[in-house]
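The values are calculated or read from the model by the stated rules, or taken from the named source; none is laboratory data. Just so we're clear, the structure is a prediction, and the values are computed from it rather than from any experiment. Every residue, glycine as well, gets a Cβ built from its backbone with ideal geometry; the counts of neighbours run over all protein chains shown. To get the accessible areas, we keep the full protein, side chains included, count just its heavy atoms, and leave off ligands, DNA and RNA. Shrake-Rupley method; radii C 1.70, N 1.55, O 1.52, S 1.80 Å.
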Amino acid sequence: MARAEIAARTLRTDRWWLPPLTTFVGLLLISIYAAFRTFQGDYYWVDQYHYLTPMYSPCLTEECVPAASHFGQWFPALPGFLTPPLLIIPFLLGFRITCYYYRKAYYRAAWASPPACAVAEPHSKYTGETRFPLIAQNLHRYFFYAASLLLLVNIYDAVSAFSTGLGLGNIILLVNVSLLAAYTLSCHSCRHIAGGRLKHFSKHPVRYWMWTQISKLNNRHMQLAWASLIFVCLTDLYVALVASGTISDLRFIN
Amino acid sequence: MSYQGKFRVWRGDDSGGALEDFTVEVNEGEVVLDIIHRLQATQAPDLAVRWNCKAGKCGSCSAEINGRPRLLCMTRMSVFQESETITVTPMRTFPIIRDLVTDVSFNYTKAREVPSFAPPKDLAPGEYRMQQVDVERSQEFRKCIECFLCQNTCHVVRDHEENKEAFSGPRFLMRVAELEMHPLDTADRVDQAQDDHGLGYCNITKCCSEVCPEHIHITDNALIPMKERVADRKYDPVVWLGNKLFRRS
Ligand code: SF4
Ligand code: SF4
Ligand code: FES
Ligand code: FES
């Protein structure tokens with residue numbers, strides 16, 4: 001028996017192409033900005049107020065400004081155009097790329113698989129995440145562990161910046177780590193590890209409570225993914241503008 | 001207030017068909033199914049449509065309205081402009097029988113492939129005891145009315161007929177999750193989900209959740225938790241080692 005003969009790829013009359021297009025443009029602009037800042041290799045540290053951009057944290061090579069290397073300089077200076085963030089970006093990027101929300105976002109927006117619901121995808125074959133390379137998405141939890149460590153580093157940076165007083169930059173760094181923490185905690189792997197993998201919640205009241213709280217955050221995972229991503233860029237931009245002397249930090253104390 | 005609405009309805013069977021134009025009266029408070037019934041009563045007495053409850057509870061009237069998978073009885077005419085032409089087509093993913101009626105037996109086949117609830121052997125019916133918090137999670141999935149809109153919309157089978165063999169679809173992967181999370185089920189459902197029901201085909205793009213008339217969080221609460229359990233079992237050497245060393249299960 002055959003399917004109903006309908007030639008149109010979709011009969012949707014709404015602007016179904018708008019959300020994937022917006023996603024695509026948004027991710028593209030952020031990638032360009034992040035790549036530019038990564039290879040710029042400068043303006044990541046404000047010595048006067050101890051602001052370190054999250055994009056360069058931790059700064060682990062010998063070309064880092066010594067005061068910006070809160071955790072020491074473990075590696076020699078990188079050759080050529082390579083910059084310190086390249087050591088941490090694989091983990092941060094890996095975390096976002098294997099994130100269940102971002103997977104949905106770029107499968108739809110960049111790979112059109114599917115571009116929108118009930119709109120036919122252009123590919124003739126589809127195997128999803130059953131084989132290499134996409135089967136590697138299952139490693140998401142390892143990136144979650146790595147990103148959690150980097151989050152702790154960012155929190156340390158944000159808190160230690162208060163040693164110089166209080167300025168707008170401090171507030172921005174604080175909001176940034178709060179959003180990053182909310183995004184990281186709302187992760188589906190985190191939800192699973194905290195309690196989701198249990199079959200009997202009643203035997204593990206503490207983990208059940210954690211699972212309940214994380215589930216609430218998890219409902220907002222998409223919003224947190226975007227908010228934290230955009231805010232990291234804004235934080236970085238602010239630090240870059242202050243570090244380059246383009247603007248001066250708005251100080252409340254000192 | 002009533003007006004004359006413009007409709008395009010797919011008519012035909014498995015040997016072919018096309019969209020046909022109709023003008024039908026629309027009254028205040030009506031749903032698309034009312035219009036289809038009026039069309040049947042006044043202009044196209046042989047128009048085939050499947051329905052039962054008219055209350056969004058039987059899951060019979062699934063179709064596609066302006067290209068969006070929906071229940072005919074739960075789609076209010078008031079969401080459309082009076083000037084709009086409303087296109088009504090059968091679900092695309094299943095073989096057509098006639099007009100708006102498709103053969104959904106793919107779903108019954110997949111349902112039969114899920115091994116049934118397996119309580120502990122020594123527990124007699126009537127002796128089942130469980131905590132509310134333990135059954136709660138799987139109870140969300142019991143809201144399913146088996147309209148198969150999720151199955152119809154999922155691109156894995158909608159766009160790739162050849163995947164029907166390997167992939168059971170969101171509704172039945174959710175059934176596997178429901179049993180896996182049930183406090184009294186003893187069967188091992190994790191390998192089954194991946195190997196027998198094709199969980200790996202799902203790329204969590206969430207169209208099933210988007211169309212579900214019961215608003216079940218199919219992807220977030222059933223499919224992703226199952227993917228995490230599969231990762232525990234198959235792709236996480238640390239958990240695997242922990243289970244071996246401490247004999248957990
Ligand atoms: S989330 Fe998975 S099961 Fe649901 S529609 Fe998308 S691919 Fe299909
Ligand atoms: S899960 Fe939702 S969309 Fe799928 S069959 Fe059940 S009620 Fe319908
Ligand atoms: S699911 Fe998005 S970060 Fe883990
Ligand atoms: S007629 Fe029962 S759900 Fe629409």
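Odds and ends about this structure:
- Evaluation of B:Pro170 against (1) more than 13 Å from ligand 2 (Cβ to nearest atom); (2) under 13 Å from B:Cys202 (Cβ atoms) (one fails), failing number: (1)
- Qualifying positions in the range A:85-105 - facing chain B (nearest Cβ under 10 Å) and either within 12 Å of ligand 1 (Cβ to nearest atom) or among the aromatic types (Phe, Trp, Tyr) (or both): A:Tyr100, A:Tyr101, A:Arg103, A:Lys104
- The residues of the range B:215-249 that are within 16 Å of ligand 4 (Cβ to nearest atom) and closer than 14 Å to B:Gln151 by Cα amount to a single one, B:Ile216.
- A:Tyr126 open to solvent by less than 30 Å² (accessible area, probe 1.4 Å) and not in a loop (DSSP other than H, G, I, E, B): no
- Qualifying positions in the range A:129-164 - part of a helix (DSSP H, G or I), within 14 Å of another protein chain (Cβ to nearest Cβ) and of a type outside the set (Phe, Trp, Tyr): A:Leu134, A:Ile135, A:Ala136, A:Gln137, A:Asn138, A:Leu139, A:His140, A:Arg141, A:Ala146
- B:Glu210 meets all of the listed conditions (1) touching a Leu at 6+ places or on another chain (Cβ under 6 Å); (2) open to solvent by 20 Å² or more (accessible area, probe 1.4 Å) but one, namely (1).
- Within the range B:179-194, the set of residues being within 17 Å of B:Asp236 (Cα to Cα) and either away from ligand 1 (no atom under 14 Å from the Cβ) or open to solvent by 20 Å² or more (accessible area, probe 1.4 Å) (or both) comprises B:Val190, B:Asp191, B:Gln194.
- Of A:Phe162, A:Phe201, all but one fail to be under 26 Å from A:Thr38 (Cα atoms), more than 16 Å from ligand 2 (Cβ to nearest atom) and among the hydrophobic types (A, V, I, L, M, F, W, C); the exception is A:Phe162.
- Pairs with Cβ under 7 Å, 6+ apart, first in the range B:217-243 and touching a residue at least 24 places away in the same chain (Cβ under 8 Å), second within 14 Å of ligand 3 (Cβ to nearest atom): B:Thr219/B:Ile204; B:Thr219/B:Lys206; B:Leu223/B:Ile204; B:Pro225/A:His192; B:Pro225/A:Gly196
- Residue count for the range B:213-237, restricted to those that are more than 16 Å from ligand 2 (Cβ to nearest atom), at the interface with chain A (Cβ under 9 Å from one of its Cβ atoms) and either part of a helix (DSSP H, G or I) or open to solvent by 80 Å² or more (accessible area, probe 1.4 Å) (or both): 8
- Test: residue in the range B:138-161 that is under 28 Å from B:Asn221 (Cβ atoms), in a loop (DSSP other than H, G, I, E, B), more than 16 Å from ligand 3 (Cβ to nearest atom) and without any contact (Cβ under 8 Å) to a residue 12 or more places away in the chain: yes
- Only residues that are part of a loop (DSSP other than H, G, I, E, B) and either open to solvent by less than 10 Å² (accessible area, probe 1.4 Å) or over 14 Å from B:Asp99 (Cα atoms) (or both) were counted across the range B:40-84, and they come to 21.
- Checklist (1) at negative phi; (2) at pLDDT below 95 applied to A:Gly80, failing item: (1)
- In the range A:61-83 there is at least one residue matching the filter, namely being within 30 Å of A:Arg251 (Cα to Cα), in contact with a strand residue (DSSP E or B) (Cβ under 9 Å, 6 or more places away or on another chain) and open to solvent by less than 10 Å² (accessible area, probe 1.4 Å).
- Qualifying residue in the range B:98-106 (condition: within 14 Å of chain A (Cβ to nearest Cβ), more than 16 Å from B:Cys147 (Cβ to Cβ) and touching a residue at least 60 places away in the same chain (Cβ under 8 Å)): yes
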